[in-house]
Amino acid sequence: MTNDISDISVYPLTWATIYPRTPQHKRTSARFEVTFGVSRDALLTELRLLGAKPVVISSNIPIRQDGLPYARHKEPDDPGVAVYFNIKNKNYSLCCDRWLKVKDNLRAIGLHIAAMRGMERWGVGSVEQAFMGYQALPPQTSERKWWEVLGVDVRASNEEVREAYRKLARQHHPDHGGSADQMTQINAAYEQAKQAGSKCRDYK
């Protein structure tokens, strides 16, 4: 399927910190009965109908150049999906980790957008009103610099930054005995690192 919006897939998952995470024991199986490709294309179609551009889809599944996962990809422990997009010069984010599989969380976000678009069709409200609560917030300021939080040199390479983030996430994730506040700081630092890197390094 060809979409006329920019689909950028980001690995590993970069979760929007304004969204609370679903505890592992509360995640459940979905009954969407769709493939990863169908879920992704349906989501992109909904975003195209919104006029969203560009679009960034982030998850813990590494994908091929065509945007599909490798044939024998393993379902990650964290099946969350985060979608970032822009509508009329405003940035938004939608995240879902309610379901046990990445493809189902992709599908859930697509269905959610479809339901919100219905507001305008039914004359109850506008798309802008529907998405008002999902506007992406700027990173919270912190006295500690991102490289201090991640424990790396300010000139660290892309891979060094990613590895430091993954190590800290494993140690401090709430599912592993950490705290939500710690993960919020770590996620914010990683976001700041990527923003800084976009100016001087080739982040993917």
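Given the structure, is GLY118 out of contact with any Cys (no Cβ under 8 Å at 6 or more places or on another chain) and modelled with pLDDT under 75?
Values: out of contact with any Cys (no Cβ under 8 Å at 6 or more places or on another chain): yes; modelled with pLDDT under 75: no.
For GLY118, the condition - out of contact with any Cys (no Cβ under 8 Å at 6 or more places or on another chain) and modelled with pLDDT under 75 - is not met.
Cβ-Cβ contacts under 7 Å between residues 6 or more apart (or on different chains), taken from a first residue in the stretch 102-117 that is over 11 Å from ALA42 (Cβ atoms) to a second residue that is buried (at least 18 other Cβ atoms within 10 Å of the Cβ) and of a type in the set (Ser, Thr, Tyr), are listed as VAL102/SER59. Consider the stretch 39-62 and keep the residues that are within 21 Å of ALA115 (Cβ to Cβ) and among the β-branched types (Val, Ile, Thr). The one that is surrounded by the fewest Cβ atoms within 10 Å (Cβ to Cβ) is THR45.
Quick one: is VAL56 outside the structural domain of TYR165 (by TED's automatic domain parsing), under 21 Å from GLN195 (Cα atoms) and at pLDDT 90 or above? Write out each step before concluding.
Numbers: outside the structural domain of TYR165 (by TED's automatic domain parsing): yes; under 21 Å from GLN195 (Cα atoms): yes; at pLDDT 90 or above: no.
No.
If we scan the stretch 63-73, do we find a residue that is in contact with a strand residue (DSSP E or B) (Cβ under 7 Å, 6 or more places away or on another chain), modelled with pLDDT under 75 and of a type outside the set (Phe, Trp, Tyr)? Working first, answer last.
The first filter runs over the stretch 63-73 and keeps only residues in contact with a strand residue (DSSP E or B) (Cβ under 7 Å, 6 or more places away or on another chain), leaving 63, 67, 69.
Cutting the leftovers down to modelled with pLDDT under 75 gives us 67, 69.
Filter once more, keeping what is of a type outside the set (Phe, Trp, Tyr): 67, 69.
Checked the stretch 63-73: at least one residue is in contact with a strand residue (DSSP E or B) (Cβ under 7 Å, 6 or more places away or on another chain), modelled with pLDDT under 75 and of a type outside the set (Phe, Trp, Tyr).
Can you pull out every residue in the stretch 76-89 that is surrounded by fewer than 13 Cβ atoms within 10 Å (Cβ to Cβ) and either among the charged types (D, E, K, R) or in contact (Cβ under 8 Å) with a residue 24 or more places away in the chain (or both)?
Start the filter on the stretch 76-89 by keeping residues that are surrounded by fewer than 13 Cβ atoms within 10 Å (Cβ to Cβ), which leaves 77, 88-89.
Within the stretch 76-89, ASP77, LYS88 qualify.
A single entry from GLY197, GLY151, GLY110 fulfils the requirement of being at pLDDT below 90 and among the small types (Gly, Ala, Ser): GLY197. For the stretch 162-171, state whether one or more residues are in contact with a helix residue (DSSP H, G or I) (Cβ under 7 Å, 6 or more places away or on another chain), more than 10 Å from ALA189 (Cβ to Cβ) and at pLDDT below 90. Yes, some residue in the stretch 162-171 is in contact with a helix residue (DSSP H, G or I) (Cβ under 7 Å, 6 or more places away or on another chain), more than 10 Å from ALA189 (Cβ to Cβ) and at pLDDT below 90. Taking ALA30, is it at pLDDT 90 or above and either of a type in the set (Val, Ile, Thr) or under 30 Å from ARG121 (Cα atoms) (or both)? Yes; evaluated as a whole, the condition is true for this residue.
The values are calculated or read from the model by the stated rules, or taken from the named source; none is laboratory data. Remember, it's a predicted structure, so these values are computed and weren't measured experimentally. Reconstructed Cβ throughout: ideal geometry from the backbone, glycine too, with neighbour counts over all protein chains shown.
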